[in-house]
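In what follows, a single structure is set out as structure tokens and then discussed.
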Protein chains: 2
Amino acid sequence: MLGKSVADLETPALLIDLDIMERNLQRVADYTREHGLRLRPHTKTHKIPALGRKQIESGAAGLTVAKVSEAEVMLGSGTPDLLVAYPIIGAAKLDRLMQVAAHTRVTVSLDSLEAARQLSAAAQAAHRDIGVLAELDAGLGRVGVAPGPELVELARAIDRLPGLHLEGIAFYPGQIKTVGETAALSELIGSVARELRRAGLAIAIVSGGSTPTLFESHKIDGLNEIRPGTYIFNDRNTMLSGACSLEDCAASIMATVVSTAKPGQMIIDGGSKTFSSDRPVTAEVSFGHVVEAPEAVFTKMNEEHGYVDIRAVKRDFAIGDRVRVIPNHVCVAMNLHEFVYGVRGGYVEQVWRVEGRGKLQ
Amino acid sequence: MLGKSVADLETPALLIDLDIMERNLQRVADYTREHGLRLRPHTKTHKIPALGRKQIESGAAGLTVAKVSEAEVMLGSGTPDLLVAYPIIGAAKLDRLMQVAAHTRVTVSLDSLEAARQLSAAAQAAHRDIGVLAELDAGLGRVGVAPGPELVELARAIDRLPGLHLEGIAFYPGQIKTVGETAALSELIGSVARELRRAGLAIAIVSGGSTPTLFESHKIDGLNEIRPGTYIFNDRNTMLSGACSLEDCAASIMATVVSTAKPGQMIIDGGSKTFSSDRPVTAEVSFGHVVEAPEAVFTKMNEEHGYVDIRAVKRDFAIGDRVRVIPNHVCVAMNLHEFVYGVRGGYVEQVWRVEGRGKLQ
């Protein structure tokens, strides 16, 4: 595949525009350096150790994963530091995590005494010292302890458990869907960090941020580490959130028109098995942005069929034509592809196996 | 893993109850035999050659796939016959399809003269004879030619193209979401087949059916072949359609409770990367049926987090508890798992690699 023209790739194929990707990496590296923020990118977006290495080389202090199996894969990046941003429950997974900790510095974010106790037991048995971030619920209502005495208690318990050391707090403000006001979040984070420190706890790291709040991270009181993922490629949701524009989207799925039997519609050879059925962050139902026909609406999917409404499109499409589609959510799309293609100037410069795809445990 | 207790598997894990699966296979084999219907199951549901072989052994005449890459994988089942129920466009894919045709009898369903011409050229170059089903749009508005003169023209063109032989017609009535009236569909299919035969075309196969209409296939005029997929496992959508009950659902995803920080909610260690973000066929937003807590509502997902509302549930859940969840759509869930586990009596009897997962081209 290397050196092949993009036109010679079979479809559907996920293409990464290398110029755009490199620009995206540079922009966030510059931003974090300028504002003295520690960068620990979430690798769930790309799932490729070689790209994790690129992030480290461009200034990231470490990498973030959600699963032990992803941590195992991401060791291949040579990262000196891995944050597992997920409570790891159960002896089998914790044993594997301790194996990972033999190769790189490991930190875990968690939100319960039970998870902390299990981690402490595993760390002691393996003679390891594991960093822990106490997870705060900053409004999403997913994992994380609500601000207040319960969070102080959890942080204190972590601090006292053998084999663990409290590094700070982590949060994910996923409820903020568009670029905008971070004042309330800033006030919350600042007050939580102060409360923990008043309680005598050493809070070295305040780790947070999300894609829509990425470039406002410096405005969040006390925040000193961010874990963005999507920024390496960006996607239609990032555009919709206002955090990037079309020219910043590095990943697209090239698809072929396979049917035009129904007037005003074309069927492309990718559906939910290629794009995922993730809907956009807005209320509309559309599964991607068709680069060659921005007026087209990608209205519906089955597993292998993409339904594209072309009634508002000025040009014609014929069977065999190819289009490139920016997916709503690139992380889940990456997870569906065995290989992706790094392209520059119309040619394939890199073929990457998505080594971390489908790593569930 | 073989012989392990299910309790010793790491989560999330997709489990197949072998007793239920075998009963499901038997039921459809009996039904098709009783009604003289040819059975060519769609293997997109399981994506495992060993299960394709089981379908052949229990009376299927052949197997169905959607992609050439799936056809390549499914050769491993030893099937004597493969239907590629998708228009195959482009020389590279057609070359690979001709390689498949060196090993088993291949039929393709398609809906355009362009697709037929490309297939004819590839068949001639490879000195193969490929069966073709002309695809009819029976109301879904996806692929398929509308009933009428255009369909007759397509069938006639296929009949005349060298390297191809017209076997009949295919359709997929995906617009029928619940078990019920098939009278209108029956009338349509019967009249289309008669029209084609009146035009002098030999229509040996009338291939159709969907999961909700599966056990009403014998009521559809002229239908003599069905291609059900989901019936091997069934899923929550099959239940919602009325075509099966909970005891017929063979596939479930075992997950672990990882957070109970928010009152009235538990977070399980599987989200859209484990279940897919496919919504149910009904209007409600729920991503699965929790076997241990039928009153629970699986309200939301991120990639690695399942949000389960347990306010209406009588029992308590603690971190580390395990639940089994029947997914909305089992085909897309299978595509996300590298391995699945065939279980009986609480023990792992089979470990299958999902060889056909992620086969996009």
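The values are calculated or read from the model by the stated rules, or taken from the named source; none is laboratory data. All of these numbers come straight from a predicted model, not from anything done at the bench. Note: ideal-geometry Cβ built from the backbone for every residue, glycine included; neighbour counts use all protein chains shown. Only protein heavy atoms, including side chains, enter the accessible area calculation; ligands, DNA and RNA are left aside. Shrake-Rupley method; radii C 1.70, N 1.55, O 1.52, S 1.80 Å.
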message: Which residues does the label zone of A:Ala199 cover in region A:127-149, counting backbone N under 12 Å from a point 7 Å along Cα→Cβ?
response: A:134-136, A:145-149
- line: The size of the Cβ-based charge dipole (Lys, Arg +1; Asp, Glu -1) of the protein assembly as shown about the Cα centre, to the nearest 20 debye, is 540 debye
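Given all pairs of different Cα atoms, what value in angstroms does the Kirkwood hydrodynamic radius of the protein assembly as shown take? Walk me through the numbers before you get to the answer.
Details: mean 1/r = 0.0374 Å⁻¹.
Evaluated over the protein assembly as shown, this radius sits at 26.7 Å.
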task: Quick one: with label points 7 Å out along Cα→Cβ, list the inter-copy distances for B:Gln175 in nm, shortest first?
output: 4.3
field: Charge sum, other residues only, whose C-beta stays under 13 Å from A:Ile205's C-beta, Lys/Arg counted +1 and Asp/Glu -1
entry: +1
query: Just which residue of chain A brings its Cβ nearest the axis of rotation onto chain B, and by how many angstrom, rounded whole?
result: A:Ser277, 2
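Residues with beta-carbon under 12 Å from that of A:Ser191, excluding A:Ser191: net charge, scoring Lys, Arg +1 and Asp, Glu -1? Walk me through the numbers on the way to the answer.
Values: positive: A:Arg194, A:Arg197, A:Arg198; negative: A:Glu187, A:Glu195, A:Asp221.
Within the 12 Å Cβ shell, the charges total 0.
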- request: Obtain the nm distance between the two label points defined at A:His127 and A:Glu150 by a simple spin-label model: each point lies 7 Å from its Cα along the Cα-to-C-beta direction.
  value: 3.9 nm
- prompt: Which of the trypsin sites (Lys or Arg not before Pro) found in region B:246-320 are loop residues per DSSP with 11 or fewer other Cβ atoms within 10 Å of their Cβ?
  reply: B:Arg311, B:Lys314, B:Arg315
query: If you bin every alpha carbon distance in region B:10-82 into 5 Å steps from zero, what whole percent lands in each bin?
result: 3, 16, 27, 22, 17, 11, 4, 1, 0
query: Once phi is turned into θ = phi - 60°, what whole-Hz ³J(HN,Hα) does the Karplus curve with 6.51, -1.76 and 1.60 give for every residue of region A:136-153, x standing for Gly and Pro?
result: 9, 7, 9, x, 6, x, 10, 8, x, 8, 5, x, x, x, 5, 5, 4, 4
statement: Of the candidates B:Gly242, B:Ile310, B:Val340, the farthest towards the positive dipole end of region B:224-361 (Lys/Arg Cβ +1, Asp/Glu Cβ -1, centred on the Cα centre) is B:Ile310
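Which whole number gives the average count of other chain Cβ atoms within 10 Å of the Cβ atoms across peptide A:258-269? Display every interim value, and only then the final one.
Values: counts 11, 14, 4, 15, 9, 1, 0, 2, 0, 7, 0, 10.
Mean partner-chain Cβ count within 10 Å for A:258-269: 6.
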task: Take the alpha carbon atoms of region B:32-87, find their center, do the same for region B:273-296, and report the distance between the two centers in whole angstrom.
output: 28 Å
statement: Under a 1.4 Å probe, counting only protein heavy atoms, A:Glu135 has an accessible area in Å², nearest 10, of 20 Å²
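Given a Förster distance of 45 angstrom, what is the FRET efficiency for B:Arg353 paired with A:Ala184, based on the Cβ-Cβ distance and rounded to 0.05? Write down the numbers at each step before the final one.
Working: r = 48 Å, r/R0 = 1.07.
Efficiency at R0 = 45 Å is approximately 0.40.
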field: Per-copy distances of the B:Leu2 label point, shortest first, in nm (7 angstrom along Cα→Cβ)
entry: 3.9
message: Along the charge dipole of region B:89-172, pointing to its positive end and built from +1/-1 on Cβ of Lys, Arg, Asp and Glu, which listed residue (B:Gln124, B:Thr107, B:Gly141) has its Cα farthest out?
response: B:Gln124
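Can you give the percent of C-alpha pairs in chain B whose distance is more than 29 Å? Don't skip to the end; give the middle numbers.
Details: 28151 of 64980 pairs.
Result for the distance tail: 43 percent.
Contact order normalised by length for region A:2-160, with contacts defined as Cα pairs under 8 Å and 6 or more residues apart; what percent is it? Show your work: numbers first, answer last.
Details: 207 pairs, mean separation 21.9, N = 159.
Contact order relative to length: 14 percent.
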message: What distance in nm separates the two pseudo spin-label positions at B:Val285 and A:His103, each 7 Å out from Cα along the beta-carbon direction?
response: 3.9 nm
- prompt: To one decimal in nm, how far is B:Ala50 from the same spot in the other copies, if labels go 7 Å from Cα toward Cβ? Please give the shortest first.
  reply: 3.3
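Kirkwood Rh, region B:1-145, all Cα pairs: how many Å?
Numbers: mean 1/r = 0.0591 Å⁻¹.
Here the Kirkwood hydrodynamic radius works out to 16.9 Å.
For region B:50-127, what is the Kirkwood estimate of the hydrodynamic radius, computed as the reciprocal of the mean inverse distance between distinct Cα atoms, to one decimal in Å? Intermediate values should be presented prior to the final figure.
Working: mean 1/r = 0.0791 Å⁻¹.
Its Kirkwood hydrodynamic radius stands at 12.6 Å.
Give, rounded to the nearest 20 debye, the magnitude of the charge dipole that region A:1-108 has about its Cα centre when Lys and Arg contribute +1 at Cβ and Asp and Glu contribute -1 at Cβ.
Values: 14 positive and 12 negative charges, 77 e Å.
Its charge dipole is roughly 360 debye.
So if I take the alpha carbon set of region A:252-295, get Rg, then get Rh from the Kirkwood formula, what is the Rg over Rh ratio?
Working: Rg = 11.3 Å, Rh = 11.9 Å.
Here Rg/Rh amounts to 0.96.
Given a 1.4 Å probe and every protein chain left where it sits, what share in percent of the accessible area of chain A is carbon and sulfur? Walk me through the intermediate numbers first.
Working: 6340 of 12670 Å².
Roughly 50 percent of what the probe reaches on chain A is carbon or sulfur.
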query: What is the Cα coordinate range of region B:117-252 on the first, second and third principal axes, sorted by size from largest, in whole angstrom?
result: 49, 33, 23
- prompt: Check A:Ala243: other-chain or 5+ apart residues with amide H under 5 Å from its amide H, H built from backbone geometry?
  reply: A:Val179
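Counting only other residues whose beta carbon sits under 10 Å from that of A:Tyr172, what net charge do I get with K and R as +1, D and E as -1? Mind dumping the intermediate values first?
Working: positive: A:Arg142, A:Arg227; negative: A:Glu135, A:Asp137.
For residues surrounding A:Tyr172, the net value is 0.
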task: Of the options A:Ala91, A:His42, A:Gln55, report the single residue whose Cα projects farthest towards the positive end of the charge dipole of region A:1-142 (beta-carbon charges: Lys, Arg +1; Asp, Glu -1).
output: A:Ala91
query: What translational diffusion coefficient, in µm²/s and rounded to a whole number, does the Stokes-Einstein relation yield for region A:234-343 at 37 °C and a viscosity of 0.692 mPa s, taking the hydrodynamic radius as the Kirkwood radius over Cα pairs?
result: 236 µm²/s
